[in-house]
Amino acid sequence: MSHTVEWQVRLSLLEDQGTTSASLEVDTGTATLTGHGTARCAPQDTDIPAVGDELAAARALEDLAVQLRRTAYGDMQAAGAPSAGSLKPYAGWLDMSAS
């Protein structure tokens, strides 16, 4: 079974007084999820905006990953799979990062 889909992703970064905020929105066609992340420059550190952008974006990606995983588990349960706590590993869906 072949399946191709394209998700639209939008990343917005805002830096204000040493704090960078990131908002990462993904539109899957059936749902829109938004991840958020922030990074703050310590007063003793040199303010390098690119570092704040990278950290805030990475944290928004982590937040979005948790939301996507939660959504997938819910979809799996709706399809009859066991609860996420009992999936070993993920009831047929392999977590390649664990190998």
message: List pairs: first residue in the range 31-43 and closer than 23 Å to D75 by Cβ, second residue acidic (D, E) and part of a strand (DSSP E or B) anywhere in the structure, Cβ distance under 9 angstrom, at least six positions apart or on different chains.
response: T32/E25; L33/E25; L33/D27; T34/E25; G35/E25
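Per-residue answers, yes or no, for (1) of a type outside the set (D, E, K, R); (2) in contact with a helix residue (DSSP H, G or I) (Cβ under 6 Å, 6 or more places away or on another chain):
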position: E25; (1), (2): no, no
position: G35; (1), (2): yes, yes
position: A39; (1), (2): yes, yes
position: A42; (1), (2): yes, no
position: A58; (1), (2): yes, no
position: T71; (1), (2): yes, no
position: M76; (1), (2): yes, no
message: Out of everything in the range 16-39 that is assigned to a strand (DSSP E or B) and either at pLDDT below 95 or small (G, A, S) (or both), what residue ends up being farthest from R59 (Cα to Cα)?
response: D16
message: Residues to consider are A42, A56, A50, A31; find the one that is buried (at least 17 other Cβ atoms within 10 Å of the Cβ) and not charged (D, E, K, R).
response: A56
field: Hits in the range 4-15 (condition: surrounded by fewer than 14 Cβ atoms within 10 Å (Cβ to Cβ), under 11 Å from A60 (Cα atoms) and either under 11 Å from the mean Cα position of the chain (by Cα) or of a type in the set (A, V, I, L, M, F, W, C) (or both))
entry: none
- request: Tally the residues that are in a helix (DSSP H, G or I) and at pLDDT below 80, restricting the search to the range 51-99.
  value: 9
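The values are calculated or read from the model by the stated rules, or taken from the named source; none is laboratory data. All values derive from a computational prediction rather than experimental measurement. In this analysis, Cβ positions are derived from the backbone assuming ideal geometry, glycine residues included, and neighbour counts consider all displayed protein chains.
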